[in-house]
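As structure tokens, the structure follows; a few thoughts come after it.
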Amino acid sequence: MAPISILEEIQNFWESNSHSTLELTFETLEITLFNHGKYVNNVVREEAELILQKSSDPTLLKMDVVDNLVFPFMFTFNAQEALSGQTTQMQKLPRPLGQGGLHIISHSLVLEFTIDSPSEELGLKVQHQYRYNKHFSKT
């Protein structure tokens, strides 16, 4: 079975007036950690989920990152920028997360953000790469 287009599903959800939540399940999530540009660690998970919600601002969507190494978190992003293939800024990231970006292509969704630390040597850059949307549900 061909993977479901992430880009198309999010576009349809954003343009729809009949649903407020979109749950996406991906075949894999690859989480890669970097410290000052140097590779630190890599974790691959199967059956990873993301949950999108509509915002009171129609230009924004909220994304709930359920599968994370430390804690689940939510952020907002500009839907039009993300759906046009641009890397868009992750807004309203909870501390200690910062400097986040989101990039969506047909069968892959990439999140990049930093984990701030009081000590600059301990700061991390995290990349989540979600591949191959297997399932979605709208509510």
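The values are calculated or read from the model by the stated rules, or taken from the named source; none is laboratory data. Keep in mind it's a predicted model, so treat the numbers as computed, not measured. A quick note on method: Cβ atoms are made from the backbone with ideal geometry, for glycine too, and the neighbour counts reach across all protein chains shown.
Residues that are basic (Lys, Arg) and modelled with pLDDT of 95 or more occur in region 57-71; there is at least one.
Ser18 passes every criterion in (1) surrounded by 15 or more Cβ atoms within 10 Å (Cβ to Cβ); (2) more than 15 Å from Leu111 (Cα to Cα) apart from (1). Residues in region 66-89 that are touching an Asp or Glu at 6+ places or on another chain (Cβ under 9 Å) and over 17 Å from Ile105 (Cβ atoms): Val66, Asp67, Pro72, Phe73, Met74, Phe75, Thr76, Gln89. Pairing each residue of region 97-125 that is free of Cβ contacts under 8 Å to residues at least 40 places away in the same chain with any residue that is assigned to a loop (DSSP other than H, G, I, E, B) and among the acidic types (Asp, Glu), provided the two are 6+ apart or on different chains, yields C-beta distances under 8 Å for Leu97/Asp116; Gly98/Asp116.
Results for (1) acidic (Asp, Glu); (2) farther than 22 Å from His19 by Cα, shown as yes or no for each residue.
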residue: Val43; (1), (2): no, yes
residue: Leu69; (1), (2): no, yes
residue: Gln80; (1), (2): no, no
residue: Ser84; (1), (2): no, no
residue: Leu97; (1), (2): no, yes
residue: Glu112; (1), (2): yes, yes
residue: Ser117; (1), (2): no, yes
residue: Leu124; (1), (2): no, yes
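Would you please name the residue that is surrounded by the most Cβ atoms within 10 Å (Cβ to Cβ), looking only at residues in region 102-139 that are in a strand (DSSP E or B) and among the β-branched types (Val, Ile, Thr)? Checked region 102-139; the qualifying residue surrounded by the most Cβ atoms within 10 Å (Cβ to Cβ) is Ile104. The set of residues from region 43-101 being farther than 18 Å from Glu112 by Cβ, loosely packed, with under 12 Cβ neighbours inside 10 Å and touching a strand residue (DSSP E or B) at 6+ places or on another chain (Cβ under 7 Å) comprises just one member, Glu46.
When the residues of region 1-17 are filtered to those that are in a loop (DSSP other than H, G, I, E, B) and without any contact (Cβ under 8 Å) to a residue 40 or more places away in the chain, the one that is farthest from Gly85 (Cα to Cα) is Met1.
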